[in-house]
Amino acid sequence: MPNLADMLNTALSPEQAQLLSHVAVESARLGARVYLVGGAIRDALLGRPVADLDVTASGGPRFGFALADALGGEVVSSSEFGTHELRADGVAFDLAMARTESYAEPGALPSVRPGSIREDLARRDFTINAMAVEILADSWGDLQDEFGGVEDLRLGLVRTLHGGSFRDDATRIVRAARYAGRYAFQLDDDTARLLARDLRHLDAISGDRVRHELEKVFDEPRAAAILRLLRDWGALRAIHSSLRADDATLALIDDLASEPERGGRAVTLSLFVSSLPAEAAPALERRLNMGADWARVVRDTIALRDVPGRLRRPGLLPSEADDLLRDYDEHTLRAAALAGEDMAADWVRRYLNELRHVRPLLDGNDLLVLGVERGPSVGELLRELRRARQDGHLRTRDDEVAYVRGRLGVN
Ligand code: CTP
């Protein structure tokens with residue numbers, strides 16, 4: 001049995017390593033066998049830092065709470081599948097009871113029952129995720145790799161464990177693209193065939209689950225490569241017929257990844273839907289069961305397409321550009337600033353960097369002291385001052401006082 005102790009010690013942060021040895025001691029006391037599984041093993045083998053710790057235990061249903069107590073930590077949250085998020089020694093980790101799963105029908109959530117670690121690994125998506133290391137001082141690092149995960153990592157292959165994997169859970173199609181894009185891996189031939197055969201099962205996946213998978217894609221530094229794979233496999237269309245990702249869009253998403261301030265997944269979403277036909281938006285919103293934030297990005301992305309023509313008007317004043325752009329979602333504007341190279345995009349960039357931050361130097365109290373009547377005229381004058389500042393007519397506080405006096409007819 002290969003031993004990964006050295007690799008793990010390099011890939012884990014000191015805090016993570018410390019926590020795992022604490023977990024090992026307390027679990028042994030509680031009589032449970034505990035394993036580090038999934039992504040942590042995969043990433044350690046790839047020589048990448050371990051982001052999240054997934055721990056699987058062969059304990060009873062209350063084990064999560066007993067372990068949290070024994071560690072002096074807490075259970076942050078629990079799910080219906082017997083998984084818990086724990087926090088101890090300043091480190092958060094996921095704890096699951098070893099289980100087997102069965103799927104009543106494609107797209108359904110699985111029914112689970114307790115199982116062995118072997119069964120737990122066998123229910124997983126890909127060989128590269130189906131490896132475990134027992135966390136016990138004397139066998140620390142001993143690798144369980146029944147399905148050939150190490151070999152597939154070496155070959156750079158994403159491979160399912162069995163022929164029913166995508167049918168059981170078609171979100172794995174998106175996950176396959178995520179790993180293939182992230183690590184520049186290929187699908188193994190059988191997996192590619194199964195994936196093509198089972199694309200239609202994406203239809204049965206709920207909007208929330210598909211959206212959640214897309215969020216994870218948008219968060220990846222290589223989101224563009226992943227979306228390209230999903231497009232080429234026909235998976236985007238299988239999610240919703242309106243979804244496509246043309247090369248120009250993918251190039252922009254790729255550029256975004258190298259921006260220091262990526263602006264997060266909402267900017268990627270806006271780029272992703274930038275060529276969506278306007279009439280398809282409501283159906284896509286329903287398909288992905290979008291909340292208000294995503295729906296706003298989609299709607300604003302579409303509505304903003306009409307604005308550049310107006311922004312290109314010769315002699316447009318900064319305050320008028322502000323009028324045209326003010327009501328749009330910021331992420332959508334950031335995407336538009338990134339996407340365009342013409343005068344309209346220059347206005348969007350100027351709005352984001354400068355115009356929207358302009359404030360008058362005087363405030364409402366100052367206006368009252370200058371004799372403006374309490375009420376709506378205070379707000380109106382503040383807005384006028386802001387516009388005049390944006391347009392470069394006012395610079396100093398004295399300029400603003402003189403402007404207000406002029407409006408009041410006082411000298
Ligand atoms: N898993 C699965 N099928 C799914 C989702 C998850 O088999 N549809 C399994 C995989 O074995 C995966 C583990 O659950 O390794 C944890 O899932 P997740 O946290 O989503 O993935 P990670 O392995 O942590 O990888 P990532 O780097 O993508 O977060």
### Query
Quick one: what pairs do we get from the range 375-394, first residue on the phi > 0 side of the Ramachandran plot, second part of a helix (DSSP H, G or I) and not small (Gly, Ala, Ser), C-beta under 9 Å, 6+ apart or different chains?
392/318
### Query
Residue check, residue 169 against (1) out of contact with any Lys or Arg (no Cβ under 8 Å at 6 or more places or on another chain); (2) away from the ligand (no atom under 16 Å from the Cβ), all met but one. Which one?
(2)
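Residues are listed down the side, and each one gets a yes or a no for (1) over 20 Å from residue 222 (Cα atoms); (2) within 14 Å of the ligand (Cβ to nearest atom); (3) out of contact with any helix residue (DSSP H, G or I) (no Cβ under 6 Å at 6 or more places or on another chain):
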residue: 175; (1), (2), (3): no, yes, yes
residue: 178; (1), (2), (3): no, yes, no
residue: 193; (1), (2), (3): yes, no, yes
residue: 203; (1), (2), (3): yes, no, yes
### Query
Would you call residue 154 farther than 20 Å from residue 240 by Cα and away from the ligand (no atom under 15 Å from the Cβ)?
yes
#### Entry: Complete set of residues in the range 326-376 that are over 30 Å from residue 405 (Cα atoms) and among the aliphatic types (A, V, I, L, M)
333, 335, 336, 337, 338, 339, 343, 344, 345, 348, 352
### Task
Quickly run through the range 359-377 and pick out the residues that are buried (at least 16 other Cβ atoms within 10 Å of the Cβ) and either among the hydrophobic types (A, V, I, L, M, F, W, C) or part of a helix (DSSP H, G or I) (or both).
362, 366, 367, 370, 372
## Note on the structure
residue 104: passes all of (1) farther than 23 Å from residue 232 by Cα; (2) aliphatic (A, V, I, L, M); (3) outside any strand (DSSP E or B); (4) within 13 Å of the ligand (Cβ to nearest atom) but (4)
### Message
Any residue at all in the range 367-383 that's modelled with pLDDT of 95 or more and under 17 Å from residue 317 (Cβ atoms)?
### Response
yes
### Message
Quick check on my filter: what residues within the range 73-112 are in contact with a strand residue (DSSP E or B) (Cβ under 7 Å, 6 or more places away or on another chain), of a type outside the set (Asp, Glu) and under 20 Å from residue 17 (Cα atoms)?
### Response
73, 75, 84, 86, 87, 92, 93, 95, 96
### Query
Listed residues 41, 117, 128; which is touching a helix residue (DSSP H, G or I) at 6+ places or on another chain (Cβ under 7 Å) and touching a residue at least 60 places away in the same chain (Cβ under 8 Å)?
128
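Residue by residue, here is whether (1) farther than 28 Å from residue 198 by Cα; (2) in a helix (DSSP H, G or I); (3) touching a strand residue (DSSP E or B) at 6+ places or on another chain (Cβ under 6 Å) holds:
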position: 226; (1), (2), (3): no, yes, no
position: 232; (1), (2), (3): no, yes, no
position: 241; (1), (2), (3): no, no, no
position: 244; (1), (2), (3): no, no, no
position: 250; (1), (2), (3): no, yes, no
position: 259; (1), (2), (3): yes, no, no
position: 275; (1), (2), (3): no, no, no
position: 290; (1), (2), (3): no, no, no
position: 297; (1), (2), (3): yes, yes, no
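The values are calculated or read from the model by the stated rules, or taken from the named source; none is laboratory data. It should be emphasised that the depicted structure is a prediction, and the values quoted were computed from it without experimental measurement. Here Cβ is always computed from backbone atoms with ideal geometry, including for glycine, and neighbour counts include all displayed protein chains.
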